[in-house]
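The values are calculated or read from the model by the stated rules, or taken from the named source; none is laboratory data. Being a predicted model, the structure only gives us computed values, none of them experimental. Because the Cβ atoms are built from the backbone with ideal geometry, glycine has one as well, and the counts that use them run over all protein chains shown.
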Amino acid sequence: MNTTFARILYSGFLLFTVYHIFIAHDIMTAASNLGIALIFDPFDQAVTWNNRPMWQRAWLIVHLIVMFSLFGYAIFQS
């Protein structure tokens, strides 16, 4: 997949996440959008995990932690 196209989709799903958290107040949908955003890796997908810079790996790991935190919050809130 083209990196520019993936970044656009990644950014779009991040914006959907922000919308669902702050405007629609739907945490489960926000967590789902955040998980879908991870499908569209915003960095060069041809580079393997071990060859990526540390900041890219940290970004993706923090993204994953935030997503699981939102899912946990949504599940235990209800």
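If a residue must be more than 16 Å from LEU70 (Cβ to Cβ) and within 9 Å of the chain's Cα centre (by Cα), how many such residues does the range 12-40 contain? Talk me through it step by step, then tell me what you get.
In the first step, residues of the range 12-40 are kept if they are more than 16 Å from LEU70 (Cβ to Cβ); the result is 12, 39-40.
Filter once more, so that each one left must be within 9 Å of the chain's Cα centre (by Cα): 39-40.
Qualifying residue count, the range 12-40: 2.
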query = Is one or more of the residues making up the range 10-18 touching a Phe, Trp or Tyr at 6+ places or on another chain (Cβ under 6 Å) and hydroxyl-bearing (Ser, Thr, Tyr)?
reply = yes
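Checking the conditions here, which among THR17, THR4 is surrounded by 11 or more Cβ atoms within 10 Å (Cβ to Cβ) and not hydrophobic (A, V, I, L, M, F, W, C)?
Working: THR4 fails: surrounded by 11 or more Cβ atoms within 10 Å (Cβ to Cβ).
Within the list THR17, THR4, the selection yields THR17.
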request  = Mind listing whichever residues of the range 34-78 are within 19 Å of THR4 (Cα to Cα), among the polar types (S, T, N, Q) and in a helix (DSSP H, G or I)?
outcome  = GLN56
inquiry  = Just to be sure I understand the filter: pairs with C-beta atoms under 8 Å, separated by 6 or more residues or on different chains, first member in the range 43-67 and of a type in the set (Lys, Arg) and surrounded by 13 or more Cβ atoms within 10 Å (Cβ to Cβ), second member part of a loop (DSSP other than H, G, I, E, B) and modelled with pLDDT under 95. Which pairs pass?
reply    = ARG52/PHE43
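Considering only residues that are assigned to a loop (DSSP other than H, G, I, E, B) and farther than 16 Å from SER78 by Cα, which ones fall in the range 17-33? Full working, then the answer.
To start, the set of residues in the range 17-33 that are assigned to a loop (DSSP other than H, G, I, E, B) comprises 23-26.
Residues satisfying the conditions are ILE23, ALA24.
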ask   = Mind checking whether some residue in the range 18-28 is free of Cβ contacts under 8 Å to residues at least 24 places away in the same chain, under 15 Å from LEU60 (Cβ atoms) and touching a helix residue (DSSP H, G or I) at 6+ places or on another chain (Cβ under 7 Å)?
value = no
